[in-house]
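To keep things clear, I will list the structure first and then write my remarks on it.
FYI, it's all coordinate maths here, none of it is from the lab. Fair warning: this is a prediction, and the values are worked out from it, not measured in the lab. Reconstructed Cβ throughout: ideal geometry from the backbone, glycine too, with neighbour counts over all protein chains shown.
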Ligand SMILES: Nc1nc2c(c(=O)[nH]1)N[C@H]1C(S)=C(S)[C@@H](COP(=O)(O)O)O[C@H]1N2
Ligand SMILES: [Mo]
């Protein structure tokens with residue numbers, strides 16, 4: 001039952017990933033779901049008159065490590081301006097509009113932060129993020145981020161290799177996948193409460209073990225020389241530069257090593273549209289739009305900046321071998 005065709009939804013309001021949800025909301029409304037609307041606290045909203053952009057120095061324990069991080073990998077492309085990176089976000093826990101995370105995440109509490117590590121590891125436990133970061137060196141890496149909605153940005157992250165974190169927990173020989181889980185906190189995350197729920201929380205994602213151990217796979221704790229802004233997934237988030245952005249899960253509270261393929265939010269929500277692998281691939285279109293090109297942000301009507309999408313987002317030399325022998329039209 002198609003209630004509203006995607007092209008009837010004003011493009012100013014709806015982006016491709018949310019078209020599906022919009023349809024689902026209509027159906028829920030007609031199914032007679034109770035209207036338990038929760039008002040947003042005024043304190044969660046920034047005044048629209050704010051023109052100064054906030055910076056995020058981060059907790060005292062993190063600052064010296066951020067400042068000491070050498071730049072190790074640089075994308076040739078022009079880096080996106082700071083305001084684009086911190087005000088145009090997907091973080092549905094704070095709402096489905098691109099402006100919602102910036103407007104609603106500023107009071108998000110991210111220090112102290114605990115991470116539960118479980119499953120196929122010799123050292124499971126609940127760890128303080130500060131203690132985990134104390135054992136790794138930070139680097140700045142400039143990566144392209146390609147959203148499945150066909151826009152992209154070039155972002156200067158600061159972080160460390162996921163592999164160096166996973167080694168701290170000694171994965172067992174049974175560990176074949178890694179699952180990541182985002183915080184659930186209805187008080188702090190307005191997108192998780194109210195009217196119609198957009199996704200089933202918590203947001204989860206997963207990687208195959210060889211993808212997780214790949215040296216390009218980053219855990220970011222910083223951006224643009226400072227700590228990660230809340231809207232970008234503070235205090236730490238995954239960044240997998242050769243995959244569509246939805247794999248790069250934010251504000252992680254749990255990491256599980258598993259023998260079987262974990263559930264991933266968008267894959268579960270619309271399996272025909274979003275695969276588990278989600279490798280950037282210009283030759284495999286999304287059922288509702290082409291993936292051959294992308295809009296490099298910041299873009300405007302006069303300067304649309306449409307560019308060709310590259311296989312594995314331009315990281316094919318480094319990662320194509322992970323998928324040799326796999327039919328990428330099947331394992332999209
Ligand atoms: N927990 C969580 N992680 C998430 C998302 C989300 O809604 N919730 N959105 C994803 C999507 S679709 C994209 S494109 C990137 C956007 O990252 P950015 O806002 O830092 O650019 O975050 C990803 N990580
Ligand atoms: Mo995305």
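Quick notes on this one:
- Relative contact order of the range 6-323, pairs being alpha-carbon contacts under 8 Å that are 6 or more residues apart, as %: 20 percent
- In this simple spin-label approximation, residue 52 and residue 99 carry label points 7 Å from Cα along the Cα→Cβ vector, and these lie 2.1 nm apart.
- The range 253-280 and the range 73-127: distance between their alpha carbon centers, rounded to Å: 18 Å
- Cα gyration tensor category, rounded, prolate or oblate, for the range 134-273 with a/c compared to 1.5: rounded
- The order of 146, 288, going from fewest to most other C-beta atoms within 10 Å of their C-beta, is 288, 146.
- Maximal additional length on extending the residue 67-residue 200 stretch stands at 44.1 nm, based on 0.36 nm per residue less the C-alpha distance.
- Rounded, prolate or oblate (a/c below 1.5 giving rounded, otherwise prolate when a/b exceeds b/c) for the range 6-323 by Cα gyration tensor: rounded
- Sequence ranges 91-104, 59-72, ranked by mean other-Cβ count within 10 angstrom, highest first: 91-104, 59-72
- Stretching residue 301 away from residue 328 to a fully extended chain increases their span by 6.4 nm, per 0.36 nm per residue minus the current alpha-carbon distance.
- What separates the Cα centres of the range 288-321 and the range 207-230 is a distance of 20 Å.
- Length released on extending from residue 137 to residue 109, taking residue separation times 0.36 nm less the Cα-Cα span: 7.7 nm
- Inter-probe distance in nm under a simple model that places probes 7 Å from Cα toward Cβ, at residue 285 and residue 308: 1.8 nm
- Ranked by how many other beta carbons lie within 10 Å on average, peptides 252-264, 228-240 from highest: 228-240, 252-264
- Relative protection proxy for 207-215, 151-159, from highest mean packing down: 151-159, 207-215 (other beta-carbon atoms within 10 angstrom).
- Value of relative contact order over the range 177-332, rounded to a whole percent, pairs C-alpha under 8 Å and six or more apart: 22 percent
- Rel. contact order, % - alpha carbon contacts under 8 angstrom, at least six apart, the range 64-184: 29 percent
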